[in-house]
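S.K.: A single structure is presented below for examination.
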Amino acid sequence: MSAARTIGIVVFPGSNCDRDVRWALEGCLGLATRFLWHEETDLGGLDAVVIPGGFSYGDYLRCGAIARFAPVLDAVRGFAAAGGPVLGICNGFQVLTEMGLLPGALTRNARLHFLCEPSPLEVHPGRSQWLRGYGEGESIVLPIAHGEGRFQCAPEELASLEANGQVVLRYAANPNGSVGDVAGLSNPAGNVLGLMPHPERACDPCTGGLDGRRLLASLLG
């Protein structure tokens, strides 16, 4: 993709990282962006969609459980099915699991505390389009900020995900109790990625390092 392409950023009532994603894409990479209000259904002219972090609809029921019914996500589902790149960050990862675009569930952290800290990670890019800028087994650091980031799934499902190369990011020092140290998952086709860490907060050496920049730079082609 060229820098002239446009990236859609979903905005729910309660989103609080949509501006962060816009800043990283436009300010650091020179990509054009368009905010997608939760009631929109037109994704025309977009080359990728990002579901950012925050507290969609206040997370009053369960993280991502209400957002999954938003009209914009029906369009995102079709966009992903057609091979369009979709990225879910933090709450966006929770939304992707609630939608069924990614398996498993994100639950309360093991110690029931909100975590906001740098997190060492291990990258296993597999077929993920979003991680093609990283090497197999590469160590990076991205910030986390979540209270419900503990990935859960049945042991046999985890084994299947690992065998299929869908566990693309692992915690080096598991902060939240996620099974298999899972920090990020890809769909089998590699165009959908969900992760709890925030790559948009690691795109500038003054604000959190540069380890997240290559993930978003995958949109440059």
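S.K.: Name the residues in the stretch 39-67 that are without any contact (Cβ under 8 Å) to a residue 40 or more places away in the chain, within 11 Å of F12 (Cβ to Cβ) and surrounded by fewer than 19 Cβ atoms within 10 Å (Cβ to Cβ), would you?
M.R.: Within the stretch 39-67, just E39 meets the criteria.
S.K.: Which condition number does W23 fail, the rest of (1) under 21 Å from A145 (Cα atoms); (2) touching a Gly at 6+ places or on another chain (Cβ under 9 Å); (3) at pLDDT 95 or above being met?
M.R.: Of (1) under 21 Å from A145 (Cα atoms); (2) touching a Gly at 6+ places or on another chain (Cβ under 9 Å); (3) at pLDDT 95 or above, only one is false for W23: (2).
S.K.: Can I ask one more? Please pick out the residue among G190, G221 that is buried (at least 19 other Cβ atoms within 10 Å of the Cβ) and at positive phi.
M.R.: Of G190, G221, the one residue that is buried (at least 19 other Cβ atoms within 10 Å of the Cβ) and at positive phi is G190.
S.K.: So is A163 more than 22 Å from V86 (Cα to Cα), surrounded by fewer than 21 Cβ atoms within 10 Å (Cβ to Cβ) and either out of contact with any Asp or Glu (no Cβ under 7 Å at 6 or more places or on another chain) or not aliphatic (A, V, I, L, M) (or both) or not?
M.R.: yes
S.K.: Among the residues of the stretch 136-157, write down those that are free of Cβ contacts under 8 Å to residues at least 24 places away in the same chain and part of a strand (DSSP E or B).
M.R.: E138
S.K.: Return the residue satisfying two criteria in turn: it lies in the stretch 171-186 and is in contact with a Gly (Cβ under 7 Å, 6 or more places away or on another chain) and not in a loop (DSSP other than H, G, I, E, B), and of such residues it is farthest from H113 (Cα to Cα).
M.R.: S186
S.K.: Only residues in the stretch 205-217 that are farther than 20 Å from G135 by Cα and free of Cβ contacts under 8 Å to residues at least 60 places away in the same chain count as the first member; pair them with residues that are surrounded by 18 or more Cβ atoms within 10 Å (Cβ to Cβ) and of a type in the set (D, E), Cβ under 9 angstrom, at least 6 apart or cross-chain, and list the lot.
M.R.: none
S.K.: Next question. Hey, any hits in the stretch 81-98 for a residue that's out of contact with any Gly (no Cβ under 9 Å at 6 or more places or on another chain), crowded, with 19+ Cβ neighbours inside 10 Å and charged (D, E, K, R)?
M.R.: No; the residues of the stretch 81-98 include none that is out of contact with any Gly (no Cβ under 9 Å at 6 or more places or on another chain), crowded, with 19+ Cβ neighbours inside 10 Å and charged (D, E, K, R).
S.K.: Name the residues in the stretch 7-31 that are exposed (fewer than 15 other Cβ atoms within 10 Å of the Cβ) and within 20 Å of A75 (Cα to Cα), would you?
M.R.: P13
S.K.: Which residue is farthest from D47 (Cα to Cα), if the candidates are limited to the stretch 120-135 and must be of a type outside the set (V, I, T) and outside any loop (DSSP other than H, G, I, E, B)? Explain how you work it out, then say what you get.
M.R.: We begin by selecting, within the stretch 120-135, every residue of a type outside the set (V, I, T); these are 120-122, 124-135.
Still in the list and also outside any loop (DSSP other than H, G, I, E, B): 120-122, 129-131.
Working: P120: 30, L121: 27, E122: 27, Q129: 13, W130: 13, L131: 17 Å.
The selected residue is P120.
The values are calculated or read from the model by the stated rules, or taken from the named source; none is laboratory data. Quick caveat: nothing in here was measured; it's all calculated off a predicted structure. Note: ideal-geometry Cβ built from the backbone for every residue, glycine included; neighbour counts use all protein chains shown.
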